[in-house]
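Here is the structure we will look at, set down as structure tokens.
The values are calculated or read from the model by the stated rules, or taken from the named source; none is laboratory data. Computed from a predicted model, the values in this text were never measured in an experiment. Note: ideal-geometry Cβ built from the backbone for every residue, glycine included; neighbour counts use all protein chains shown.
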Amino acid sequence: MGLKRPYIEVHERYNGQIYTFDSDFVLSLMEAPIYTSITIVRQIESLIDQDYLTDRFSFYELAGVVKGESPLYYRLGIRYEEYPIFESIEQIEVDDYLDYYNLNLVVTKFQND
């Protein structure tokens, strides 16, 4: 059936970029500890602010890390149609993160810390 998937829209940022989170993506964030979720959302905002996702009708996979005593490595699935839609997030191993890092496909390079 042609049912449209639910999305949660994030309001326009100062540079005019709009993006959305898929409902499954939001549920995954809600299941994580609050510090982890906030850190990931901040990293996503830094990515959006840099206007990196620009190729329409593309699918991106980017990796990130939430630093700490026990770092959390994750992979984002992002579909870009009219605007970026963050569809999936999953935990990955450090070796997978390093593969993305070597390809320069990491979210954390956009972080302004």
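ILE40 fulfils the conditions (1) of a type outside the set (Phe, Trp, Tyr); (2) buried (at least 18 other Cβ atoms within 10 Å of the Cβ); (3) modelled with pLDDT under 85 except for a single criterion, (3).
Cβ-Cβ distances below 9 Å connect the following pairs, each with a first residue in segment 15-26 that is in a loop (DSSP other than H, G, I, E, B), a second residue that is among the hydroxyl-bearing types (Ser, Thr, Tyr) and modelled with pLDDT of 80 or more, and a separation of six or more residues or different chains: GLN17/TYR83; ILE18/TYR83. I'm checking my understanding of the structure. Among residues of segment 22-44 that are among the polar types (S, T, N, Q) and in contact with a strand residue (DSSP E or B) (Cβ under 8 Å, 6 or more places away or on another chain), which one is nearest to VAL106 (Cα to Cα)? The qualifying residue nearest to VAL106 (Cα to Cα) is GLN43. In this structure, PHE110 does not qualify as at pLDDT below 85 and on the phi > 0 side of the Ramachandran plot. Put simply, of SER88, SER58 the only residue that is modelled with pLDDT of 90 or more and within 23 Å of THR20 (Cβ to Cβ) is SER88.
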